[in-house]
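The structure under discussion appears below in the form of structure tokens.
Any read-out appearing in this document is the output of simple, stated calculations on the displayed coordinates, not a laboratory observation. Just so we're clear, the structure is a prediction, and the values are computed from it rather than from any experiment. Cβ placement follows ideal geometry from the backbone for every residue including glycine, while neighbour counts extend to all protein chains displayed.
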Amino acid sequence: MWLWLPHGCHLPVPPPGLWLPAGLYAYTGSAQRALPARLGRHLAGGSARHWHVDYLRAEAQVVGADVWPEAPREAECELAARLAASLPGAFRPPRFGASDCRCPGHLVGWGPKGGRVAAYEAPERLHPELRPVLRSSPRPWQERRSTR
């Protein structure tokens, strides 16, 4: 799931909380038995906060979603690693969304110039099984040009 965070914020996720700068974020998660329901829940937002991404979702706008049908359980870790390596300047908040595994985390971020993230524009370049199911238009991080 792709999220745009228009401002830096502190998320009260354990431990002891996490500061995230403004920018474009990609969260890789798995929903082994209920992908449509889980994706729908994250897209809708809401006040229930069960997972780390729920705290981010309360502050950020969903700007895209990709799915990998029939993905293996470890795919979320693999995709996060590929995303982090896909463009200079990527960062991974430590252990975000990874309480059930040993990888560095399932969230990858890029600063406010995130419009250049190739994986957002063409996720199949990152992995051939990824399919975009949602894209925001216009991109909220792209600069608006005056017509005057």
Tell me the label-point distance for the pair ALA34, ALA22, using the 7 Å Cα-to-Cβ offset, in nm and rounded to one decimal.
3.6 nm
Just to be sure I understand the model, the point goes 7 Å from the Cα along the line to the Cβ. What's the resulting GLU78 to SER137 distance in nm?
3.1 nm
Write down the Å³ per residue value for the convex hull defined by the alpha carbon atoms of region 2-135.
102 Å³
For the chain, modelled as a Gaussian network with Cα springs under 10 Å, which listed residue fluctuates most, TRP110, TRP68, TRP19?
TRP19
Contour excess over end-to-end distance, with Cα ends at GLU129 and LEU87 and 0.36 nm allotted per residue:
13.1 nm
Top positive-direction residue, dipole computed over region 2-135 with Cβ charges, set CYS101, ALA48, LEU83:
ALA48
Under the helix-only model (-39500 (n - 2.57) for each DSSP H run of 4 or more, divided by the residues of the chain), the mean residue ellipticity at 222 nm, to 500 deg cm²/dmol, is -6000 deg cm²/dmol
Grab the other residues whose beta carbon is less than 12 angstrom from that of ALA31, score K and R as +1, D and E as -1, and report the net.
+3
Place a +1 charge on the Cβ of each Lys and Arg in region 2-135 and a -1 charge on the Cβ of each Asp and Glu, then give the dipole magnitude about the Cα centre in debye, rounded to the nearest 20.
180 debye
Sum of side-chain charges, SER136 neighbourhood, beta-carbon under 14 Å (Lys, Arg +1; Asp, Glu -1):
0
Where labels lie 7 Å past Cα in the beta-carbon direction, separation of CYS9 and ALA118 in nm:
3.1 nm
Which of the GluC sites (Glu not before Pro) across region 1-91 are loop residues per DSSP, with 14 or fewer other Cβ within 10 Å?
GLU70, GLU74
What is region 2-135's relative contact order, in percent, from Cα pairs under 8 angstrom and six or more apart in sequence?
29 percent
